[in-house]
């Protein structure tokens with residue numbers, strides 16, 4: 001399923017005028033370290049959901065797990081291209097074509113620094129960064145919002161009703177270890193009785209898993225995911241955290257499919273924690289469920305095994321996979337598109353690397 | 001360093017071209033450390049088995065190089081794979097393809113005229129959004145990059161690489177050629193109907209003749225070995241019009257001194 005046909009990153013982080021054209025149902029971003037793969041995922045997220053504070057938060061914390069030293073406002077600031085000469089951040093510019101649309105939509109955002117008084121501590125002046133976001137569906141039709149970030153807090157001021165935005169889930173390569181952030185998704189899955197795809201994913205890795213559930217700790221403050229396992233005793237659920245990384249990663253991705261339904265799923269380092277021999281089976285399942293759930297998939301990888309496994313998993317619609325290779329050149333970053341059929345020829349007929 | 005790319009149909013074409021280029025002091029590079037890193041995407045991290053074929057050897061281009069030129073000779077395996085081989089190779093090079101100063105294709109006319117063969121090839125290239133400025137067989141377009149398509153045997157009529165090799169055999173191994181031709185004729189009488197049909201198909205009789213001579217020169221080795229190591233493409237054979245035309249094509253295309 002394609003929701004987006006193309007994305008042009010006019011200006012975002014270190015990327016300038018990077019064009020990703022002919023997007024497929026499954027898009028694989030490859031390239032050297034620091035070539036901008038994760039930045040493309042972040043740009044996609046902000047293009048799809050420019051007025052959504054949670055998306056700004058998820059994008060800003062994709063590279064760094066929030067903790068004592070994490071400053072959200074600082075992380076957001078670096079989305080905005082930095083000019084060394086003038087020591088300032090210039091606006092973010094993104095544009096793209098939604099599938100079937102003849103007119104591109106544009107997202108523009110600028111950031112400004114305001115020194116505001118801290119409401120909690122009298123006399124303390126705290127810098128706040130405000131992001132003014134506009135989305136232009138055509139030349140005469142703009143939607144606007146302002147998001148504020150200070151320290152690790154944020155606010156959002158947008159019009160009512162909320163502008164339409166594509167459902168989206170952005171998953172970092174370590175998200176599966178942060179079970180605390182999965183509880184909202186698990187609750188949603190349980191409420192909507194949508195367990196089956198998640199259980200299917202878990203059972204690809206361990207046939208003895210019977211069920212998953214959310215249990216509250218003794219003090220009633222925190223909930224954690226648990227699994228019922230045949231060999232561990234179905235009446236005694238075991239915490240997800242004791243299971244292997246691959247299974248937890250699969251669980252995390254399966255949950256994110258629920259959130260991304262009818263929208264975009266963005267996976268950083270898709271192969272993380274999954275054994276190479278399990279990749280084809282898992283990707284086959286992922287592509288099948290993504291298709292059923294009308295999800296357009298974007299992922300980054302450094303792994304040729306992952307690229308091969310995606311190809312092997314997508315035999316019915318080989319043209320649906322598109323590789324976008326990012327390369328630094330003297331003229332900036334260039335995205336080279338490798339369509340599915342060519343990808344097969346390069347790998348199967350000529351054995352060539354595509355990264 | 002001038003980089004050039006040649007896409008050829010088969011291993012024998014690659015061997016002939018590498019041999020001819022050695023006259024321009026372009027040596028075949030066997031040790032990876034001595035090869036320009038530019039070509040790394042064409043051989044690094046190759047996938048095996050290619051096309052799922054366990055018996056197929058890894059498809060690594062022949063690289064020839066001197067102080068000023070570095071040339072990759074990629075085998076397409078068949079005439080129908082030439083366009084895909086070119087597109088895959090260019091995609092593998094990525095943004096570095098802009099540094100290619102020459103791109104050439106060498107193929108057989110087979111039973112067609114050279115212009116008919118070239119038209120079909122150009123259509124296949126266009127189907128992949130590969131525009132090839134060269135429009136006449138054997139003529140190099142100035143570019144950049146310089147481009148050209150050489151159609152064996154002579155950029156005019158039907159034929160294959162073996163037509164050129166017959167010219168070489170006539171120069172250096174005329175007696176062996178007569179004996180090999182006689183052997184073909186006599187041997188055909190001992191073949192069954194299906195085997196005889198196969199011998200008469202396309203350029204197979206010419207291929208068998210060259211193979212018989214090659215087997216005498218390099219017993220147990222492939223034809224590529226005898227083409228590289230024996231007299232086929234040396235001395236007065238280089239003055240044979242069809243061989244001379246191929247040398248001129250390579251010289252013009254690759255900007256060789």
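Here, each number is a calculation from the coordinates, and none is a lab measurement. Just so it is clear, the structure is predicted and the values come from calculations on it, not from any experiment. Here the Cβ positions follow ideal geometry from the backbone for every residue, glycine too, while neighbour counts run over all protein chains shown.
Calculated mean residue ellipticity, 222 nm, the protein assembly as shown: -10000 deg cm²/dmol, from DSSP H runs (n ≥ 4) at -39500 (n - 2.57) each, averaged per residue and rounded to 500. Between 0 and 90 degrees, rounded to the nearest ten: what's the tilt of helix B:161-172 against the longest Cα principal axis of chain B? For B:161-172 against chain B, the angle is about 60 degrees. Per-peptide packing, taken as the mean over residues of other Cβ atoms within 10 Å, places B:46-53, B:162-169 in the sequence B:162-169, B:46-53 from highest down.
Based on the reciprocal of the average 1/r between different C-alpha atoms, the Kirkwood radius for region B:11-81 equals 13.3 Å.
Other protein chain C-beta atoms within 10 Å of residue C-beta, averaged over B:75-88: 3.
Per residue of peptide A:341-349, the mean number of Cβ atoms on other chains within 10 Å of the residue Cβ is 6.
Can you tell me the 0 to 90 degree angle between the C-alpha axis of helix B:174-188 and the longest principal axis of chain B, rounded to 10? That works out to roughly 70 degrees.
Between B:187, B:92, B:159, the Gaussian network model of chain B with springs among Cα atoms under 10 angstrom shows the greatest mean-square fluctuation at B:187. Taking the inverse of the mean reciprocal distance over all distinct Cα pairs, the Kirkwood hydrodynamic radius of the protein assembly as shown comes to 28.2 Å.
DSSP assigns beta bridges within the protein assembly as shown; of those with both partners inside it, close to 65 percent run antiparallel.
For a test of the definition: using alpha carbon positions, the gyration tensor, and the 1.5 limit on a/c, classify region A:79-136 as rounded, prolate or oblate. Oblate.
Result for chain B in a Gaussian network model with C-alpha springs under 10 Å: among B:126, B:102, B:15, the largest mean-square fluctuation is at B:126. Residues B:152, A:70, A:283, A:243, arranged from fewest to most other Cβ atoms within 10 angstrom of their Cβ, appear as A:70, A:243, A:283, B:152. The antiparallel fraction among DSSP beta bridges confined to chain B stands at about 30%.
State whether region A:290-355 is rounded, prolate or oblate according to the following rule on the C-alpha gyration tensor (a ≥ b ≥ c being the square roots of its eigenvalues): a/c under 1.5 gives rounded; otherwise a/b larger than b/c gives prolate, and the remaining case gives oblate. Because a/c hits 1.5 or more and a/b fails to exceed b/c, region A:290-355 counts as oblate. Take the Cα of residue B:200, step 7 Å toward its Cβ, do the same at residue B:176, and the gap between the two points is 2.9 nm.
Each 5 Å bin, from zero up to the one with the longest distance, holds this percent of the alpha carbon pairs of region A:178-255: 3, 16, 29, 29, 17, 5, 1. Mean projection of the Cα convex hull over all viewing directions, computed for region B:161-237: 5.0 nm².
Sorting the segments A:76-83, A:303-310 by their mean number of nearby beta carbons within 10 angstrom, highest to lowest, gives A:303-310, A:76-83.
Listed from fewest to most Cβ neighbours within 10 Å, the set B:39, A:154 follows the order A:154, B:39.
Label positions at residue B:78 and residue A:221, each projected 7 Å from the Cα along the C-beta direction, are separated by 6.9 nm. Helix B:204-217 and the long axis of chain B differ in direction by around 90°, with both axes built from C-alpha atoms. Cβ-to-Cβ counts within 10 Å put B:84, A:59, A:236 in ascending order as A:236, B:84, A:59, the fewest first. Placing one equal scatterer on every Cα of region B:96-140 and applying the Debye formula, the log10 ratio I(q)/I(0) at q = 0.29 Å⁻¹ is -1.20.
Convex hull volume of the Cα atoms of region A:241-355, normalised per residue: 117 Å³. Given axes a ≥ b ≥ c from the Cα gyration tensor, I'd like to know whether chain A is rounded (a/c under 1.5), prolate (a/b larger than b/c) or oblate. Because a/c hits 1.5 or more and a/b fails to exceed b/c, chain A counts as oblate. Diffusion coefficient of region A:1-97 by Stokes-Einstein, Kirkwood radius over Cα pairs, 37 °C, 0.692 mPa s: 230 µm²/s. When chain A is treated as a GNM with alpha-carbon contacts under 10 Å, the residue of A:221, A:288, A:54 showing the greatest mean-square fluctuation is A:221.
For residue A:316 and residue A:200, what is the calculated FRET efficiency with R₀ set at 25 Å and r taken between the beta-carbons, to the nearest 0.05? Computed FRET efficiency for residue A:316 and residue A:200: 0.85. Compared with the alpha-carbon gap, the fully stretched path from residue A:64 to residue A:207 is longer by 48.1 nm at 0.36 nm per residue. Rounded to two decimals, the Cα-based Rg/Rh of region B:56-104, with Kirkwood Rh, is 0.97. Take the alpha-carbon centre of region A:155-169, take the same for region B:69-144, and report the distance between them in whole Å. Rounded to whole Å, the Cα centres lie 51 Å apart.
The residue A:17 and residue B:30 beta-carbon pair, evaluated with R₀ = 56 Å, returns a calculated FRET efficiency of approximately 0.85. The mean number of Cβ atoms from other chains found within 10 Å of a Cβ in peptide B:46-58 is 3, as a whole number.
The protection proxy used here, the mean number of other Cβ atoms lying within 10 Å of each residue, ranks peptides A:100-111, A:270-281 as follows, highest first: A:270-281, A:100-111. Across region A:151-165, the residues whose backbone nitrogen lies under 18 Å from the label position 7 Å along the beta-carbon direction of residue A:141 are A:159-165.
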